[in-house]
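Readers should treat all values here as calculations from the given coordinates under stated rules, not as data from a laboratory. All figures in this text were calculated on a predicted structure; none of them were measured in a lab. Don't worry about glycine lacking a Cβ; one is built from the backbone with ideal geometry, like all the others, and counts go over all protein chains shown.
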Amino acid sequence: HGTSTINSRNHLEIGGADTVDIAREFGTPVYVYDTALIRERALGFKRAFEEAGISYQVAYASKAFSCIAMVQLADELGLSLDVVSSGEMITAKRADFPMERVHFHGNNKSSDEIDYALELGIGCFVVDNFYELSLLQEKASSRKQKVNILIRTTPGVEAHTHEYISTGQEDSKFGFDLSSGQADQAIEMLQADEYLHLRGVHSHIGSQIFDTDGFVLTVEKLFQEFQRWHELYDFIPEVFNAGGGFGIRYVEGDEPLAPEQYVRDLISAIKREAENTGIDVPEIWIEPGRSISGDAGTTLYTVGSKKDIPGVRRYLAVDGGMTDNIRPALYQAEYEGILANRAQEETSETFSIAGKCCESGDMLIWNLPLPEVESEDVLAVFCTGAYGYSMANNYNRIARPPVVFVEDGEVDLVVQGETLEDLLKNDLPLPSRAKA
Ligand code: LLP
């Protein structure tokens, strides 16, 4: 998919670069991004809004994969940016990302993070709860600073996805509840505030969603509220942010819509409900993360040890695992892969791909069809561009791998791999040894 092909050396090629050469040059594991595919996905979302002549923002959700180069690319593509921490904000700052296009999310923004966001002058806060609201009221008025606000609501819609990544149902840690009047109260508080400007409403129903039923239902529910808020408070949202969650194809059987189609369905639901309720069509914002960076990423590993259990299973261990991709262990997420150095050979058997961590659950793929594999072969695992690097960790004191961007045969290192020294950099010796 994307710009990946198999070249005359029978190697997997991404963005015009031979992945076996990339593995040799940068070592493994390494995350390889097909930059053209990131562009294509981002432009797909934007195109649908432009065709419909609707005011919009497509905010890339940093949490899926953030680094300075990725944020710079998002800027180049005219995207906005969803951030959820000071770390994601400082990345935006260092990338010179226009702060007015930064949206700050989170269900427990700290006082320091709020200060930092105010200092940076970010475009809007997506306010999640009353504690945050009172902190913001205090800070904005003492700084005499105008701040744009969306309120995050939980529309009571269950997206059909893994329970850990489904967020729209009422019993959720995120956002103001609609049915118990929390959202109403937040609106009243915001309307009475001199510095906080309520621009609109946000909802995010979940992640890796394959159809638009949940979005349509959310739109229907929210427009009922919009109508009520119009009558009660004379409040009409200028902005409706529908969140992210658009699915991608990890494995056969996953059938996501094209980015354009998610947006087209969303727009038509909004237009219809606007008509039904007499509420003006608001500016529409979305926050795709996975669907922009996910399928652009491929992880390359080197195969090491093998273990055959006759008649049961053949294990292949690679030089990474749950430290660079925790999704299989955390969500039973599934992936596909091929041998990058023998890309077109007949698959003869199935192998189960184990990581190198001291955990039985550290398995990347069960029963992957591959040719007869030798140690030192390079395994490419597809669709690791979202929540791979961003959820990477140092379990077993394993260093995080580097990240490269590839386009037109050009390979650019955008995140260096961690060194052993990096792993030690925050450690302090036992006080008695330090004195000695
Ligand atoms: N907006 C909000 C408010 C979110 O909470 C999220 C994701 C997004 C946008 C972006 O969602 P996306 O388009 O990437 O699905 N670690 C999990 C996914 C957690 C998603 C959390 N929120 C995974 O690896 O599947």
* Asked: How would you classify the chain from its alpha-carbon gyration tensor, with a ≥ b ≥ c the square roots of the eigenvalues: rounded for a/c under 1.5, else prolate if a/b is greater than b/c, otherwise oblate?
  -> prolate
* Only Lys, Arg, Asp and Glu count, each charged at its Cβ (+1, +1, -1, -1), so figure out the dipole size of the range 54-293 about its Cα centre, rounded to 20 debye. => 560
* Structure fact -> Farthest towards the positive end of the dipole of the chain, among 203, 321, 189 and with Cβ unit charges of +1 on Lys and Arg and -1 on Asp and Glu, lies the Cα of 321
* Asked: How would you classify the range 13-94 from its alpha-carbon gyration tensor, with a ≥ b ≥ c the square roots of the eigenvalues: rounded for a/c under 1.5, else prolate if a/b is greater than b/c, otherwise oblate?
  -> oblate
* Counting alpha carbon pairs within less than 8 Å and at least 6 residues apart, what relative contact order, in whole percent, applies to the chain? -> 20
* Might you report the magnitude of the Cβ-based charge dipole of the range 58-103 about its Cα centre, with Lys and Arg at +1 and Asp and Glu at -1, to the nearest 20 debye? => 120
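What order do you get for 292-305, 229-242, 408-421 when each peptide is scored by the mean count of other beta carbon atoms within 10 Å, highest first?
Listed from highest to lowest mean packing, they are 292-305, 229-242, 408-421.
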* To do: Quote the convex hull volume per residue of the range 54-293, based on C-alpha atoms, as a whole number of Å³.
  => 115
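Between beta-carbons, use under 12 Å as the cut-off and find the net charge around residue 281, counting Lys and Arg +1, Asp and Glu -1.
Taking every other residue near residue 281 into account, the sum is -3.
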* In the range 42-151, trypsin sites (Lys or Arg not before Pro) in a DSSP loop with at most 14 other beta-carbon atoms within 10 Å -> 144, 146
* Global form of the range 53-172, assessed from the alpha-carbon gyration tensor, a/c cut-off 1.5 -> oblate
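Rounded to the nearest 20 debye, what is the charge dipole size of the chain about its Cα centre when +1 sits on each Lys and Arg Cβ and -1 on each Asp and Glu Cβ? Mind showing how you got there, number by number?
Values: 37 positive and 70 negative charges, 214 e Å.
About 1040 debye.
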* Asked: In whole Å, what is the distance between the alpha-carbon centres of the range 61-92 and the range 319-334?
  -> 23
* **Sequence-distant lysines (8 or more away, or on other chains) whose Cα lies within less than 29 Å of residue 307** => 356
* Fully extended contour minus Cα-Cα distance, from residue 430 to residue 111, at 0.36 nm per residue -> 111.6 nm
* Asked: With point charges of +1 on the Cβ of Lys and Arg and -1 on the Cβ of Asp and Glu, referenced to the Cα centre of the chain, which listed residue (409, 267, 123) lies farthest in the positive direction of the dipole?
  -> 123
